[in-house]
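Q: If you scroll down you'll find the structure; I have some questions about it.
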Amino acid sequence: MKKNTSRILPGIVLAVLMFMSTGLTAQTETSFNAGVDLMSRYVWRGLNLGGSSPSIQPTLEFSVGNLTLGTWGAFSMSDGLTIQETDLYLSYNIKDMFSLTITDYFLPDESLSNNNYFEYDEEKTGHLLEASASFDGTEKIPFTFMAAVNFWGADALKADGKKQYSTYLELGFNGKCKEFDYNIFMGMTPTSPDEEKGETGFYGPYAGVINIGITASKEIQITDKFSLPISTSFIVNPQAENVFLVFGISL
């Protein structure tokens, strides 16, 4: 019998909200965080998801102790793009180095049947659930690592109709050069679709590197109390045979 996921998924979010609100004590640290990134292009894990248009990417988070519930979006400035993104995520941080995250990606497409946010039939939904674990090192261990796997929803399918459980792995190195912080990264997918059976991959046509490059960032001091974070990323996707140079401003 098919599970009634239309009740399960919203129920999980409601349970988390109740836990976060009832678990407050005088000693519990809570915080709200809101911001927006203005990006020249929306490139995610080596994939161009925003066409040639700049992208507005707002964030809203509520944290209780080490637990964070947040939402993030990407909205194209071009009227020609119908696909926009609104995500929810729940993350648990361990000692400011490790984090475990569940993300609900939602990329509606007005030309398809998956434009309904409350459609939780797995065969029709525009939602994609991903579980990920990440490590963000210190100055003594300046490495980052992230592993993520799709486990429900709009993942790529095998020839027999089952999910591919598409996986992404990324290794990075953090450094500093004068006033710039930088991260050198390489991301790959071990998922290998079978082209002879007509399978297509979520990240690319075969297993291998899909995202390699460098991001440099700094803060420009505007006043004594306000600085403007900026970043520039050079990104190469060998499988797509594409290259990107992306600039961003954070507010």
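The values are calculated or read from the model by the stated rules, or taken from the named source; none is laboratory data. Predicted, not measured: the structure shown is a model, and the values here were computed from it. Cβ sites come from the backbone with ideal geometry, for glycine too, and all protein chains shown count toward neighbours.
Q: Quick check on Glu122: is it farther than 27 Å from Gly65 by Cα, among the acidic types (Asp, Glu) and surrounded by 15 or more Cβ atoms within 10 Å (Cβ to Cβ)?
A: Answer is yes for this residue.
Q: I want to confirm something. Restricting to the stretch 43-60 and keeping residues that are closer than 14 Å to Asn211 by Cβ and assigned to a loop (DSSP other than H, G, I, E, B), which single residue is nearest to the chain's Cα centre (by Cα)?
A: Of the stretch 43-60, the ones closer than 14 Å to Asn211 by Cβ are 43-49.
Next cut, assigned to a loop (DSSP other than H, G, I, E, B) only: 45-46, 49.
Details: Arg45: 9, Gly46: 12, Leu49: 12 Å.
If we take residues in the stretch 43-60 being closer than 14 Å to Asn211 by Cβ and assigned to a loop (DSSP other than H, G, I, E, B), then Arg45 is nearest to the chain's Cα centre (by Cα).
Q: Applying the selection to the stretch 166-177, what residues are over 19 Å from Phe234 (Cα atoms) and more than 16 Å from the chain's Cα centre (by Cα)?
A: none
Q: Can I ask one more? So Phe173 ticks every box in (1) assigned to a loop (DSSP other than H, G, I, E, B); (2) in contact (Cβ under 8 Å) with a residue 12 or more places away in the chain but one. Which box is left unticked?
A: Going through (1) assigned to a loop (DSSP other than H, G, I, E, B); (2) in contact (Cβ under 8 Å) with a residue 12 or more places away in the chain one by one, Phe173 breaks only (1).
Q: Can you pull out the residues in the stretch 131-155 that are modelled with pLDDT of 95 or more, among the small types (Gly, Ala, Ser) and more than 17 Å from Thr101 (Cα to Cα)?
A: none
Q: Here's something else I'd like to know. If you go through the stretch 103-128 one residue at a time, how many are assigned to a strand (DSSP E or B) and either at pLDDT below 90 or over 15 Å from Leu157 (Cβ atoms) (or both)?
A: 5
Q: Let me ask you something else. If Tyr203 satisfies all but one of (1) touching a Ser or Thr at 6+ places or on another chain (Cβ under 7 Å); (2) without any contact (Cβ under 8 Å) to a residue 24 or more places away in the chain; (3) crowded, with 16+ Cβ neighbours inside 10 Å, what's the number of the condition it fails?
A: It is condition (2) that Tyr203 fails.
Q: Right, something else. Go through the stretch 69-85 and give me each residue that's of a type in the set (Ser, Thr, Tyr) and at pLDDT 95 or above. I'd like the intermediate steps shown before the answer.
A: Within the stretch 69-85, the subset of a type in the set (Ser, Thr, Tyr) is 71, 76, 78, 82.
Matches in the stretch 69-85: Thr71 only.
Q: Return a yes/no flag: does the stretch 160-170 have any residue that is hydroxyl-bearing (Ser, Thr, Tyr), touching a strand residue (DSSP E or B) at 6+ places or on another chain (Cβ under 9 Å) and either at pLDDT below 95 or over 28 Å from Gly213 (Cβ atoms) (or both).
A: Checked against the condition, which is being hydroxyl-bearing (Ser, Thr, Tyr), touching a strand residue (DSSP E or B) at 6+ places or on another chain (Cβ under 9 Å) and either at pLDDT below 95 or over 28 Å from Gly213 (Cβ atoms) (or both), the stretch 160-170 yields no hits at all.
Q: Being of a type in the set (Gly, Ala, Ser) and not in a loop (DSSP other than H, G, I, E, B): is that true of Gly161 here?
A: Spelling it out, it is not the case that Gly161 is of a type in the set (Gly, Ala, Ser) and not in a loop (DSSP other than H, G, I, E, B).
Q: Tell me which residues, restricted to the stretch 222-251, are more than 20 Å from Ala34 (Cα to Cα) and assigned to a strand (DSSP E or B).
A: If the condition is that a residue be more than 20 Å from Ala34 (Cα to Cα) and assigned to a strand (DSSP E or B), then Thr232, Ser233, Phe234, Ile235, Val236, Asn237, Asn242, Val243, Phe244, Leu245, Val246, Phe247 are the ones that fit.
Q: Kindly indicate the residue of the stretch 93-102 that is in a loop (DSSP other than H, G, I, E, B) and not basic (Lys, Arg) and also modelled with the lowest pLDDT among those meeting that condition.
A: We begin by selecting, within the stretch 93-102, every residue in a loop (DSSP other than H, G, I, E, B); these are 95-97.
Add one more test, that the residue is not basic (Lys, Arg), and what stays is 96-97.
Details: Asp96: 88, Met97: 93.
Once the filter is applied, the top-ranked residue is Asp96.
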